[in-house]
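Okay, structure first, notes after.
The values are calculated or read from the model by the stated rules, or taken from the named source; none is laboratory data. Since this is a predicted model, take the numbers as computed values, not measurements. Cβ coordinates were reconstructed from backbone atoms using ideal geometry, including for glycine residues, and neighbour counts include every protein chain displayed.
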Amino acid sequence: MNDKLLLGIDIGSTAVKVIAMTEQGVIRASASAFYTTFSPRPGWMEQDPEDWGRAAFQAVRQCLEQVENAEISALSFSGHMSAPVLLDADGVPLLPSILIADTRSQEQTRFLREFYLEQCVEMTGNEPVDAFAIPKLLWIKAQQPGVLERTRCILFPKDYVRFLFTGERGTDRTDAGNSLVYNPAAEDWDRHFIAELGLDPAVFPELHAPHGRFGTVSAAAERATGIPAGTPVITGAADMACSQLGSGAGEEGTLALTLSTSAQIVMSVPGISPAMAGRVTFHPSAILNSTYAMGSVFTGGLGVDWGYRLLTGKGTMQPADYEELAKWSAQMEQIPPGSNGLLFLPFLLGSGTPYFDPHDRASWLGLSTGQSPALLLHSIMEGISYNIRENMDQFEQGGLEVRKVMIGGGGSRNPVWCRMISEVLGKEASILSNRDAAAVGASILAGVGIGVYASAKKAALSMVSTSAPIPYSETRHENYNRLYARYLKLYPALNEYYCEE
């Protein structure tokens, strides 16, 4: 079959995911390639940008092998957010990329909050927190000033990999909007603010529309991937902006939950709301003249992975471990809400929404002898689910109505956890038919960029499909309401303990 295909390449938090999608939205092929996250010190999380490039080339080759005679009409990119890549004059990364959940920049965040809090909220709707790119750059400025002196361009994950495909440098508003120095009203960098912070405005790259034609596949990238040189390359967007498209969360009242290493909760909003600043974050959308709000749960699938490895003594997860994890999940079917008195506060990397406190740590309450691994892991899933509900509560307290919930990401493959989340939230939830929402969103942008679709929003609404709503027990939801109230009371006491010097 000589199909014309759109290629979506997502630089995820643990792997590159590539999908080949027909112009009608049918996934013809997909492939993944993984890389390592390094944590050289507590609270540090880094990745090597060159690992992303090798993984992207590998995954693209594997994907194209499945559609041997197909024509690639265009490709586009998605990538995890707030992870700056500093390039020298030759386009070589000068440092590992500091990831969104890294908390090393606490001193720089305190500085921004002391002197620029009001300015940041007024311009972006966001309070300074470690998750944004600017605190990370200020940390590099303080700790390794020579690196910034050699920096000629700052990109983000999808931009760096796109640079490897095209040889061209640039970013877009959705990644720029995760920096604290992008002005949504002006649709440009605030270069005066950048200079005031002691950074060089010249290294912040040109901004392109997410659906705009960025360049073409280079001869070198053709040799590395098999995509013909000259194939159109569309700019793309940050992973959550692409996920908003790939999950249908551009529709009013839809809450999209991505259960990846971290968990992200996304809703379309009319605009930034200073009243919600510091509780959720606001971001420019890949949809023209649109904004989305996001809640961040830093311990998402990471918590389940960590718990399994802790309980088994495994250093890494292998295919057989996922089979064992599925067996544990089956055993959880008989475990009641509350895990028989066991409670887990899920802050392995500090807390995200609504606290954004890097001092927070994970806690297990109610440990005793005779507790099975399945019970312990069940309590981890519950703790993460409570934190997800805290995120939903922020949207509802901000005046948004949550009418339906879409669940995607790797964690959506666990039916016990998905039902648990539905019961904790008290909302009917559905599973995305294609869990790789960010890669789907990138493919949609590729189609918009070459004129296949009239708009990203219309394409997303027509293509995104889900399972039937997950059945859940109202009785279990009432039990979870009581348990959730207990969880909320425990957090302040533990936070006070962790914040003590």
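A few comments on the model shown:
- Inspection of segment 484-501 finds no residue satisfying the criterion of being under 15 Å from S422 (Cα atoms), among the acidic types (D, E) and either in the same structural domain as S78 (by TED's automatic domain parsing) or part of a helix (DSSP H, G or I) (or both).
- One residue from I100, I9, I27, I19 being modelled with pLDDT of 95 or more, more than 19 Å from T166 (Cβ to Cβ) and among the β-branched types (V, I, T): I19
- Breaking point among (1) in contact (Cβ under 8 Å) with a residue 24 or more places away in the chain; (2) in contact with an Asp or Glu (Cβ under 7 Å, 6 or more places away or on another chain), for G53: (2)
- Checking each residue in segment 127-180 for being under 18 Å from the mean Cα position of the chain (by Cα), within 14 Å of V233 (Cα to Cα) and among the polar types (S, T, N, Q) picks out only T171.
- Hey, E478 among the acidic types (D, E) and modelled with pLDDT under 95 or not: no
- Test for A195: is it assigned by TED's automatic domain parsing to the domain that holds R169, of a type in the set (G, A, S) and assigned to a helix (DSSP H, G or I): yes
- Residues considered: G451, G441. Of these, the only one that is outside the structural domain of W328 (by TED's automatic domain parsing) and in contact with a Cys (Cβ under 7 Å, 6 or more places away or on another chain) is G441.
- All positions within segment 160-182 that are outside any loop (DSSP other than H, G, I, E, B) and not aliphatic (A, V, I, L, M): Y160, R162, F163, F165, T166, T171, D172, R173, T174, D175, Y182
- Some residue of segment 120-141 being modelled with pLDDT of 95 or more and farther than 30 Å from P274 by Cβ: no
- The residues in segment 2-20 that are in contact with an Asp or Glu (Cβ under 6 Å, 6 or more places away or on another chain) and over 24 Å from D305 (Cβ atoms) can be counted, and the count is 1.
- Condition met for S243 (buried (at least 24 other Cβ atoms within 10 Å of the Cβ) and assigned to a loop (DSSP other than H, G, I, E, B)): no
- Test: F38 is closer than 30 Å to P96 by Cα, surrounded by fewer than 20 Cβ atoms within 10 Å (Cβ to Cβ) and assigned by TED's automatic domain parsing to the domain that holds I98: yes
- Scanning segment 352-411 for residues that are buried (at least 21 other Cβ atoms within 10 Å of the Cβ), under 30 Å from A275 (Cβ atoms) and of a type in the set (G, A, S) returns G352, G383, S385, G408, G409.
Here is a yes/no grid of residues against (1) more than 18 Å from T261 (Cβ to Cβ); (2) charged (D, E, K, R):
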residue: K17; (1), (2): no, yes
residue: Q24; (1), (2): yes, no
residue: A31; (1), (2): yes, no
residue: F38; (1), (2): no, no
residue: W52; (1), (2): no, no
residue: A55; (1), (2): no, no
residue: R61; (1), (2): yes, yes
residue: A70; (1), (2): yes, no
residue: D90; (1), (2): yes, yes
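- Residue among I421, I431 that is in contact with a helix residue (DSSP H, G or I) (Cβ under 7 Å, 6 or more places away or on another chain) and either hydroxyl-bearing (S, T, Y) or surrounded by 24 or more Cβ atoms within 10 Å (Cβ to Cβ) (or both): I421
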